[in-house]
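To start, the structure itself, in structure tokens.
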Amino acid sequence: TQFILIGLSDLPEVRFPLFVAFVIIYQITLLGNGAILLAIVTERKLQTPMYYLLANLSVLDIFCPSATVPKMLKNLLTEDHSISFIGCALQLYFLVALAGTEVFLLAVMAYDRYVAICFPLRYSLIMTTVRCVQMLFGTWAAGFLNSFLHTMSTFSLSFCKSNKVKQYYCDIPPVVALSCSSTYMAEMLVLVEGGIFGVGAFLITLISYIYIVSTILRIQSAEGKQKAFSTCASHLLVVFLFYGTSLFTYIRPSSSQHSSARDRLISMLYAVITPMLNPIIYSLRNTEVKGALRKMNGYNLTTVTQFILIGLSDLPEVRYPFFVAFVIIYQMTLLGNGAILLAIVTERKLQTPMYYLLANLSVLDIFCPSATVPKMLKNLLTEDHSISFVGCALQFYFLVALAGTEVFLLAVMAYDRYVAICFPLHYSLIMTKIRCVQMLVGTWVTGFLNSFIHTMSTFSLSFCKSNRVNQYYCDIPPVVALSCSSTYMAKMLVFVVGGILGVGAFLITLIYIYIVSTILKIPSVEGKQKAFSTCASHLLIVFLFYGTILFTYIHPSSSQYSPARDRLISMLYRVITPMLNPIIYSLRNTEVKGALRKVLNLRISSQKAW
């Protein structure tokens with residue numbers, strides 16, 4: 001009924017470094033390929049058959065690692081490496097389908113370059129938009145039909161040997177190796193069908209480039225050769241990278257020194273690294289793509305290369321008091337949340353799901369003000385309030401990501417309290433460490449992916465009005481307000497995506513209605529007080545978070561509108577709340593108070609001994 005996926009490494013000490021590395025690689029893959037897609041959609045010059053094909057390659061390079069990386073990241077953090085039979089079949093189906101589609105797509109891209117270089121005058125007649133769409137439909141249909149045959153053939157086998165798949169994802173060779181029935185038909189299907197389609201697509205790619213190279217060599221001028229070669233250099237490099245890693249993964253001589261761990265690391269080149277490198281290759285080698293990406297980054301007709309952040313106050317006499325106040329607040333935020341983290345790490349009693357969630361809240365409360373306060377402090381001391389276009393985009397990305405993650409985390413914390421109070425006897429069975437880790441990974445991934453969508457949407461707008469951001473940090477409303485292009489899509493994205501995820505998380509948090517009703521049913525006053533004490537701190541933080549966020553973003557417009565007052569109000573949400581959260585938990589929660597006292601006593605005793 002299930003398979004066990006063997007991870008990248010059995011050594012516990014390398015799991016977390018691998019987790020961090022693959023989170024970064026996955027983010028770069030999504031950002032890179034997302035940027036290529038956005039450039040093609042927004043830049044009219046790139047809306048040609050060649051770039052329609054490139055857009056499909058970027059889509060494949062987003063989907064392909066998305067079929068394996070999230071599961072791999074979860075496995076790196078937990079001991080549970082299982083995947084259901086159906087889950088394994090679906091993963092294999094999509095991986096083979098996407099890989100097959102990429103093989104056919106590279107052949108179509110090679111044919112496109114062949115027509116462009118060998119028949120330049122007839123290119124627009126041969127590679128019409130209709131023909132391009134027909135070819136693209138054919139590649140996707142062939143890829144998914146081919147995968148359907150292989151998936152049905154593989155999972156119709158009997159499995160009665162070990163269920164340990166010697167790979168970090170479900171692939172044909174390691175799954176077929178577990179079968180105890182005859183694998184002749186499945187293996188022959190791979191050789192025959194895979195050979196016909198795979199070798200056929202490879203031959204189209206190879207023959208196209210033989211003609212391309214021979215045509216380029218006939219060009220007399222060096223400048224002409226260079227120009228012709230530049231139109232296909234990026235694609236040729238991607239072809240070498242794809243086929244090189246594929247052959248190295250699947251076709252190599254067997255030896256006595258065979259290492260399954262080494263095989264898993266090699267397969268990573270093909271499944272994870274290549275999709276990250278493709279957008280880098282196209283953005284470095286292709287001048288038109290580089291131009292479109294520069295235009296997206298602010299190097300457009302308006303030459304908006306930086307924004308000016310309006311500080312908290314324009315009055316010079318209050319800048320220094322503000323500076324001192326925010327230095328103290330920031331220090332208290334770091335110390336308070338750092339103390340909570342230290343208490344949870346050092347005190348065994350606090351190493352439970354509830355406090356793992358609290359530890360993540362403390363991490364967010366350290367990161368969130370760290371994205372704005374240092375820049376704000378610098379602006380309070382200097383006259384230079386500028387921030388680069390890329391710097392503004394990065395600040396925006398991390399702020400929205402961290403705020404989104406906190407919204408989802410508060411919903412998970414509410415669910416944790418619901419299980420603890422409404423189903424106390426089942427708590428340890430429902431809120432296991434594995435489930436807690438899964439929920440935490442889900443909150444962080446959803447928060448950062450949500451932010452990626454909003455960042456790409458906002459910073460693909462044209463900015464030709466004032467570059468003065470009416471806030472002390474880069475946020476969605478003040479940045480969108482500066483755009484001179486249509487902001488309809490960006491605003492709709494905030495309402496739709498933000499509404500679905502935000503309102504969804506808020507509705508889960510309203511599970512406190514069930515918690516309160518359960519507490520009120522407890523007959524004894526002492527029982528009610530004890531039950532309420534386990535969720536009072538979190539409930540107070542929920543009110544504080546949603547109260548300040550609603551007061552920041554949702555307030556009635558009036559003739560007495562004051563931008564300065566808005567900036568001061570937003571401070572409650574971005575700076576003051578992260579400082580108050582550890583104070584609330586240390587005052588309201590007896591276990592946290594006890595752990596903090598223990599940490600302080602140990603420190604004092606060690607200093608005396610010294």
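For this structure, a couple of remarks:
- Scoring L425 on the criteria (1) touching a residue at least 24 places away in the same chain (Cβ under 8 Å); (2) over 24 Å from E79 (Cβ atoms); (3) in a helix (DSSP H, G or I) leaves a single failure, condition (1).
- Residue within the range 362-384 that is buried (at least 19 other Cβ atoms within 10 Å of the Cβ), at pLDDT 90 or above and over 25 Å from Q471 (Cβ atoms) present: yes
- The single residue among S457, S462, S451 that is of a type in the set (G, A, S) and either surrounded by fewer than 17 Cβ atoms within 10 Å (Cβ to Cβ) or over 30 Å from V20 (Cβ atoms) (or both) turns out to be S462.
- Restricting the range 328-354 to residues that are within 32 Å of the chain's Cα centre (by Cα), of a type in the set (A, V, I, L, M, F, W, C) and open to solvent by 40 Å² or more (accessible area, probe 1.4 Å) leaves a set whose member that is modelled with the lowest pLDDT is V345.
- Checking every residue in the range 204-213 against the condition of being open to solvent by 70 Å² or more (accessible area, probe 1.4 Å), among the aliphatic types (A, V, I, L, M), free of Cβ contacts under 8 Å to residues at least 40 places away in the same chain and not in a helix (DSSP H, G or I) gives zero matches.
- Any pair with Cβ under 7 angstrom, 6 or more apart, that starts in the range 436-458 at a residue that is in contact (Cβ under 8 Å) with a residue 40 or more places away in the chain and ends at one that is assigned to a helix (DSSP H, G or I) and charged (D, E, K, R): Q438/K74; V441/K74
- Checklist (1) modelled with pLDDT under 85; (2) closer than 24 Å to L358 by Cβ; (3) surrounded by fewer than 16 Cβ atoms within 10 Å (Cβ to Cβ); (4) hydrophobic (A, V, I, L, M, F, W, C) applied to L501, failing item: (3)
- Check on Y111, over 33 Å from the mean Cα position of the chain (by Cα), within 18 Å of L60 (Cβ to Cβ) and either exposed (fewer than 13 other Cβ atoms within 10 Å of the Cβ) or touching a residue at least 40 places away in the same chain (Cβ under 8 Å) (or both): yes
- Residue under evaluation W140, criteria (1) over 17 Å from L57 (Cα atoms); (2) touching a helix residue (DSSP H, G or I) at 6+ places or on another chain (Cβ under 8 Å), criterion not met: (1)
- Residues of the range 364-387 satisfying the condition of being hydrophobic (A, V, I, L, M, F, W, C) and either in contact with an Asp or Glu (Cβ under 8 Å, 6 or more places away or on another chain) or not in a helix (DSSP H, G or I) (or both): L364, C368, A371, I387
- For G138, the conditions (1) of a type outside the set (A, V, I, L, M, F, W, C); (2) open to solvent by 20 Å² or more (accessible area, probe 1.4 Å); (3) more than 29 Å from P70 (Cβ to Cβ); (4) touching a residue at least 60 places away in the same chain (Cβ under 8 Å) are fulfilled apart from (4).
- The one condition from (1) surrounded by 21 or more Cβ atoms within 10 Å (Cβ to Cβ); (2) closer than 16 Å to I280 by Cα that F3 does not meet is (2).
- Within the range 407-425, considering residues that are of a type in the set (V, I, T) and open to solvent by 10 Å² or more (accessible area, probe 1.4 Å), the one farthest from L440 (Cα to Cα): I421
- Top-ranked residue in the range 442-483 [being of a type in the set (A, V, I, L, M) and in contact with a Phe, Trp or Tyr (Cβ under 6 Å, 6 or more places away or on another chain); ranked as nearest to L364 (Cα to Cα)]: V469
- Taking the range 63-90 as the range and being under 30 Å from I126 (Cβ atoms) and surrounded by fewer than 18 Cβ atoms within 10 Å (Cβ to Cβ) as the test, only F63 passes.
- Taking the range 468-478 as the range and being in contact with a strand residue (DSSP E or B) (Cβ under 6 Å, 6 or more places away or on another chain) and buried (at least 18 other Cβ atoms within 10 Å of the Cβ) as the test, the residues that pass are V469, Y472, P478.
- Restricting attention to the range 142-186, the residues that are surrounded by fewer than 13 Cβ atoms within 10 Å (Cβ to Cβ) and part of a loop (DSSP other than H, G, I, E, B) add up to 8.
- Helices (runs of 4 or more DSSP H) (entirely within the range 214-302) containing at least 1 residues that are surrounded by 15 or more Cβ atoms within 10 Å (Cβ to Cβ) and modelled with pLDDT of 80 or more: 222-230, 233-250, 274-285
- Filter result for the condition that a residue is among the aliphatic types (A, V, I, L, M) and either surrounded by fewer than 20 Cβ atoms within 10 Å (Cβ to Cβ) or touching a Gly at 6+ places or on another chain (Cβ under 9 Å) (or both), over L98, L53: L98
The values are calculated or read from the model by the stated rules, or taken from the named source; none is laboratory data. Because the structure is a prediction, the values reported are computed rather than measured. Glycine also receives a Cβ, built like all others from the backbone with ideal geometry; neighbour counts cover every protein chain displayed. Accessible surface areas use protein heavy atoms only, side chains included; no ligands, DNA or RNA. Shrake-Rupley method; radii C 1.70, N 1.55, O 1.52, S 1.80 Å.
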